[in-house]
1. Among the candidates 480, 524, which residue alone is surrounded by fewer than 20 Cβ atoms within 10 Å (Cβ to Cβ), in the same structural domain as residue 468 (by TED's automatic domain parsing), touching a helix residue (DSSP H, G or I) at 6+ places or on another chain (Cβ under 7 Å) and more than 23 Å from residue 623 (Cα to Cα)?
2. Quick check on residue 489: is it part of a loop (DSSP other than H, G, I, E, B), assigned by TED's automatic domain parsing to the domain that holds residue 427 and closer than 23 Å to residue 448 by Cα?
3. Can you find even one residue in region 223-240 that is loosely packed, with under 12 Cβ neighbours inside 10 Å and within 30 Å of residue 366 (Cβ to Cβ)?
4. Across region 608-637, what is the total count of residues that are touching a strand residue (DSSP E or B) at 6+ places or on another chain (Cβ under 8 Å) and in a loop (DSSP other than H, G, I, E, B)?
5. For region 299-353, what are the residues that are part of a loop (DSSP other than H, G, I, E, B) and either in contact with a strand residue (DSSP E or B) (Cβ under 6 Å, 6 or more places away or on another chain) or buried (at least 17 other Cβ atoms within 10 Å of the Cβ) (or both)?
6. Does region 608-618 contain at least one residue that is within 38 Å of the chain's Cα centre (by Cα), surrounded by fewer than 16 Cβ atoms within 10 Å (Cβ to Cβ) and in the same structural domain as residue 480 (by TED's automatic domain parsing)?
7. Quick one: residue 145 ticks every box in (1) crowded, with 18+ Cβ neighbours inside 10 Å; (2) closer than 30 Å to residue 296 by Cβ except a single one, so which number is it?
8. If you check 486, 491, which single one turns out to be under 19 Å from residue 397 (Cβ atoms), buried (at least 18 other Cβ atoms within 10 Å of the Cβ), in contact (Cβ under 8 Å) with a residue 12 or more places away in the chain and within 35 Å of the chain's Cα centre (by Cα)?
């Protein structure tokens, strides 16, 4: 049981004799000794151990300077950690005393190590002298041993997907670098350049890092998955002095590309993170640096353990104290491993930026969110902001249905329509047979721009935004991950209002938001995309969800797009009926050339998908084949 005493003031009284008051008793009893106090000396010892400076204390067989140096050597292996030392019980027997010291080391931000030690004091005239030994610091230490602490890294929590599949887990890697303890300073930089060439990294920056690192540091050049280490590196590294290949484990996805912009990556903590959180991170810590790995880093990283050892001069180690590491908690996602791999395969040969998002309409689960190689690591699937083109007509159609139009209502589909001095036209190769006063269902099937633009007068301000919100687009709610769910605002001019009807103007969407639109139509309810299992998605505000009746009418209209319209290539996809809508949105590139964003949204059974190719010919010819490939592959998987 710990017993603590309030420390008395420590000052000059330690080094000068205390005044002795002798009081004579009428009874003739012996005088009482009120000499120097062992409590005062014990408190000074506790203070000195806590500060690391034992100057001002008196020692039995050595001076204060030697004791301070010895103490520093004992605790050097504890790194930057400094103890709190409290004074406990003090027992005096004549000219000798024993003081108890209560030690507390903050081994990690979450974990303390507490223990007691004792120190023997011997009175020498007006002073109490400390009988110094290393056991004063920790009872298990001998004259030839010191304290040494080693971190036990916590195993990072897995990121799992549908049916518990491990999307990210500890996988074998090989760390490639220069061990400076194996090579001299002059040779180290030259070795670094040779190793960099073999490993395929830039030589000059790596050589500079090696040059500036400590004399015994291992400076990492690159980390390879174990099966991906180049043969030339395996064959040639031993000829480079100081080069090492270290087998280790690291939290990695199924492949280097697998959902990488979404899942993010784990790496060594940056200087910026250390500066912002000095009590939480130190050099060498592994943390989530991007994506969900960063967003959920605290949950995933777990709690490091530590082991404190008595390290002998002969190198032998004896464990004194251990706190086992606590593994991080898994992050459970809705991603389906097979569909994610399929989606990435579908986009593998697409040159321009591209993305594919697949959602399960029955519950909103995001089953795949793939980013093509042209995205250069950016998460356009979730965060892209592009004009959705005619895929947005599924939203405009709902707004018009709510204003009284029906699938059979006849609308004017002209070759062009002028709005406030600007001519809008239909896409190239629009069928001449589709012009004239045609049923609204035909206008949807053929994607007649002019019919939708001419119908804009049927709508009031806010109608498009309300219709979009009913289908999960532009709704504000907590997803648990970064996402852009679309922007639907009223046009500031007549021209913008006309452009908005066909998904241009002020309308912006991500593949995720357009997948939510087609999923809501297919599911007969507003679908809010759900990626993180533990996050309940509820809209903060917004319009009423789409009704079952409205969704049924929209499915009928979008089925016509497949049966006799611009998505007819999907007619023979086996399985349940497919609904779809194509989209081609014009934009001007940096070279002032008129180009197209190519879109398609589609649904079959309990699967909804949106595909974007940022620079394509048209929705039907560029995005359409990718949707078809995904739907056929999903059926087989």
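The values are calculated or read from the model by the stated rules, or taken from the named source; none is laboratory data. It should be emphasised that the depicted structure is a prediction, and the values quoted were computed from it without experimental measurement. Positions of Cβ are generated from backbone atoms using ideal geometry, with glycine treated the same way; all protein chains shown enter the neighbour counts.
1. 524
2. yes
3. Within region 223-240, one or more residues are loosely packed, with under 12 Cβ neighbours inside 10 Å and within 30 Å of residue 366 (Cβ to Cβ).
4. Qualifying residue count for the region: 2.
5. Once the filter is applied, which keeps residues that are part of a loop (DSSP other than H, G, I, E, B) and either in contact with a strand residue (DSSP E or B) (Cβ under 6 Å, 6 or more places away or on another chain) or buried (at least 17 other Cβ atoms within 10 Å of the Cβ) (or both), region 299-353 yields 302, 304, 324, 325, 328, 330, 334, 335, 336, 350, 352, 353.
6. Among the residues of region 608-618, at least one is within 38 Å of the chain's Cα centre (by Cα), surrounded by fewer than 16 Cβ atoms within 10 Å (Cβ to Cβ) and in the same structural domain as residue 480 (by TED's automatic domain parsing), which makes the answer yes.
7. (2)
8. None of the other options fit; the residue is 486.
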